[in-house]
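**Q** Before I ask anything, here is the structure I am working with.
The values are calculated or read from the model by the stated rules, or taken from the named source; none is laboratory data. Please read all numbers here as calculations on a predicted model, not as lab measurements. Cβ coordinates were reconstructed from backbone atoms using ideal geometry, including for glycine residues, and neighbour counts include every protein chain displayed.
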Amino acid sequence: MTIIGSFVSPYVRKVLACLELKGLDYAVDPITPFFGNDEFTRLSPLRRIPVLIDGDFHASDSTVICAYLDEAYVGYALLPEGPQDRARARWLEEYADTRLGDVFIWGLFYQKVVRRLVWSEATDEPRVAKTLSEDAPAALDYLEGELPKSGYMFGPLGLADVAIASFFVNARYAGFEPDPARWPNVARFVGEVLAEPVLQKLMRFEAIQMNATIQGRRQALEQAGAKLTETTWGTREPRRGVMAL
């Protein structure tokens, strides 16, 4: 099984964690979507990651991929039992992918990290200021009331837990941590999820990727023990996708 996408992406991180929980074998092509070639565009028309290739089948979008993994491969269940809990888990995943993605990825990580490294552009400081003063506090206020005071959302570590916590890794890369005095449930929950072995394994690889040049990324990851694809869907020059940022 192949996953196309950077270890640093919260959407890729979510899918890889689910693969780890299910004990499935996979290899990664650790490209950022801005460096995808024409074949990558065919596999992911929106030029976003991750992309899954499983034999003759391929899919893009992390939610679609995780649903496929849970339905196609028995074993560790990514979703809880019961229609109401499953619906709630799907909603929390959706909230993470859309709202936390907008706040922590496009409002912080893209502004403070990607714009400089990929496009050699300055940070949009007014957007960052609004994110920190308005958007992030509102999102965390909502999560504070939804997350449990102990343990995970539905018992064992699952898709909803990973989906939520994943975005806080990228927020951390951009210099943001939830204040445990203001959001104790969020801080505890995120800390415990990210301390899980499946996340620690992945975060070790992404730390290497964050500190490597784009040209030296694959070699550095392979030396660290990451299982990578033999070929890549990447290019040397970045290009923008079709979706507005």
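**Q** Report the residue count in the stretch 82-103 for those that are over 15 Å from Gly155 (Cα atoms) and assigned to a loop (DSSP other than H, G, I, E, B).
**A** Residues flagged as over 15 Å from Gly155 (Cα atoms) and assigned to a loop (DSSP other than H, G, I, E, B) within the stretch 82-103 amount to 0.
**Q** Among the residues that make up the stretch 41-62, is at least one of them within 19 Å of the chain's Cα centre (by Cα), closer than 17 Å to Asp161 by Cα and in a helix (DSSP H, G or I)?
**A** Yes - at least one qualifying residue is present in the stretch 41-62.
**Q** Residue check, Ala77 against (1) part of a helix (DSSP H, G or I); (2) more than 17 Å from Ser166 (Cα to Cα); (3) aliphatic (A, V, I, L, M), all met but one. Which one?
**A** Result: Ala77 passes all but (1).
**Q** From the list Val190, Val198, Val186, pick out the single residue that is closer than 18 Å to Ile164 by Cα, free of Cβ contacts under 8 Å to residues at least 40 places away in the same chain and of a type outside the set (Asp, Glu).
**A** Val190
A quick yes/no check of all residues on (1) in the same structural domain as Ala17 (by TED's automatic domain parsing); (2) over 18 Å from Lys14 (Cβ atoms); (3) surrounded by fewer than 17 Cβ atoms within 10 Å (Cβ to Cβ):
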residue: Pro178; (1), (2), (3): no, yes, no
residue: Ala181; (1), (2), (3): no, yes, yes
residue: Ala187; (1), (2), (3): no, yes, no
residue: Val190; (1), (2), (3): no, no, no
residue: Lys201; (1), (2), (3): no, no, yes
residue: Phe205; (1), (2), (3): no, no, no
residue: Gly216; (1), (2), (3): yes, yes, yes
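**Q** To continue, here is another question. Return the only residue of Leu16, Leu52, Leu21 being over 18 Å from Trp233 (Cβ atoms) and either in contact with a helix residue (DSSP H, G or I) (Cβ under 8 Å, 6 or more places away or on another chain) or surrounded by 19 or more Cβ atoms within 10 Å (Cβ to Cβ) (or both).
**A** Just a single option satisfies the conditions, and that option is Leu21.
**Q** Let me ask something additional. Got a sec? Which of Ala72, Ala87, Ala96 is without any contact (Cβ under 8 Å) to a residue 40 or more places away in the chain, of a type outside the set (S, T, N, Q) and assigned by TED's automatic domain parsing to the domain that holds Glu144?
**A** Answer to the check: Ala87.
**Q** Give me the residue from the stretch 27-40 that is in a loop (DSSP other than H, G, I, E, B) and crowded, with 18+ Cβ neighbours inside 10 Å and, out of that set, modelled with the lowest pLDDT.
**A** Once the filter is applied, the top-ranked residue is Thr32.
**Q** Could you list, in sequence order, the residues of the stretch 129-173 that are among the hydrophobic types (A, V, I, L, M, F, W, C) and free of Cβ contacts under 8 Å to residues at least 24 places away in the same chain?
**A** Scanning the stretch 129-173 gives Ala129, Ala138.
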